[in-house]
1. Let me spell it out: the conditions are (1) in contact with an Asp or Glu (Cβ under 7 Å, 6 or more places away or on another chain); (2) open to solvent by less than 40 Å² (accessible area, probe 1.4 Å), and residue 128 meets all of them except one. Which number is the exception?
2. Tell me, please, whether a residue that is open to solvent by less than 20 Å² (accessible area, probe 1.4 Å) and touching a residue at least 60 places away in the same chain (Cβ under 8 Å) can be found in region 105-115.
3. For region 99-136, enumerate the residues that are touching a Cys at 6+ places or on another chain (Cβ under 8 Å) and either at pLDDT below 95 or closer than 17 Å to residue 17 by Cα (or both).
4. Picking from 49, 60, which residue would you name as being of a type outside the set (Asp, Glu), closer than 20 Å to residue 129 by Cβ and within 18 Å of the chain's Cα centre (by Cα)?
5. With open to solvent by less than 50 Å² (accessible area, probe 1.4 Å), in contact with a helix residue (DSSP H, G or I) (Cβ under 7 Å, 6 or more places away or on another chain) and under 21 Å from residue 133 (Cα atoms) as the only criterion, which of 7, 19 stands out?
6. Scan region 28-63 for residues that are in a helix (DSSP H, G or I) and more than 20 Å from residue 82 (Cα to Cα) and jot them down.
7. Starting from residues that are among the acidic types (Asp, Glu) and open to solvent by 40 Å² or more (accessible area, probe 1.4 Å), keep the ones in region 48-100 and report whichever is farthest from residue 15 (Cα to Cα).
8. Looking at (1) in a helix (DSSP H, G or I); (2) touching a residue at least 24 places away in the same chain (Cβ under 8 Å); (3) hydrophobic (A, V, I, L, M, F, W, C); (4) open to solvent by 50 Å² or more (accessible area, probe 1.4 Å), which one does residue 25 not meet, given that it meets all the others?
Amino acid sequence: MTAFKTFEIQTTGPGLYEFTQDVCAWTTGTGLLTLFVRHTSCSLLIQENADPEVQVDLQNFFAGLVPPTTDPSMDYLTHTYEGPDDMPAHIKAAMLPVNLTIPVMNGQPVLGTWQGIYLFEHRDAPKKRTVIGHLA
């Protein structure tokens, strides 16, 4: 059995957006699930979903690691015409995964107790992000 699904995730700015429940509602049977985000300025993560401070700390860490182009430490960047958050978003997406592979057993993704599936938005403006799921 092979199945495909498009997940659309509306973001409101930088941060982690959990869509574990959407994935769990779709998966069936036993197989391997691949998730792929079709954008170059966001990422996918499996991360803790019990304590929201983890998400805040991750966002703050990456914001400090790769600040906007208005920060003097980023004056070497040349791709700046799409806004001060754009090239830093591309850098973050290059550092983090854009696809995930998760085993599925008995119709459910095999995740740990505190694990959730997240889209990690790196841009400031709201975006509609598309994640493609492939279950085989």
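1. (2)
2. Of all residues in region 105-115, those open to solvent by less than 20 Å² (accessible area, probe 1.4 Å) come to 107, 109.
With the extra rule that they be touching a residue at least 60 places away in the same chain (Cβ under 8 Å), the set shrinks to 107, 109.
Within region 105-115, one or more residues are open to solvent by less than 20 Å² (accessible area, probe 1.4 Å) and touching a residue at least 60 places away in the same chain (Cβ under 8 Å).
3. Hits for region 99-136 are 119, 120, 121, 122, 123, 127, 129.
4. Details: 60 fails: closer than 20 Å to residue 129 by Cβ.
Exactly one of 49, 60 is of a type outside the set (Asp, Glu), closer than 20 Å to residue 129 by Cβ and within 18 Å of the chain's Cα centre (by Cα), namely 49.
5. Details: 19 fails: in contact with a helix residue (DSSP H, G or I) (Cβ under 7 Å, 6 or more places away or on another chain).
That would be 7, the only listed residue that is open to solvent by less than 50 Å² (accessible area, probe 1.4 Å), in contact with a helix residue (DSSP H, G or I) (Cβ under 7 Å, 6 or more places away or on another chain) and under 21 Å from residue 133 (Cα atoms).
6. So the first thing to find is which residues in region 28-63 are in a helix (DSSP H, G or I), and the list is 52-63.
Result: 52, 53, 54, 55, 56, 57, 58, 59, 60, 61.
7. It comes out as 75.
8. Failing condition for residue 25: (2).
The values are calculated or read from the model by the stated rules, or taken from the named source; none is laboratory data. These numbers come from a predicted model, not from an experiment. Reconstructed Cβ throughout: ideal geometry from the backbone, glycine too, with neighbour counts over all protein chains shown. Only protein heavy atoms, including side chains, enter the accessible area calculation; ligands, DNA and RNA are left aside. Shrake-Rupley method; radii C 1.70, N 1.55, O 1.52, S 1.80 Å.
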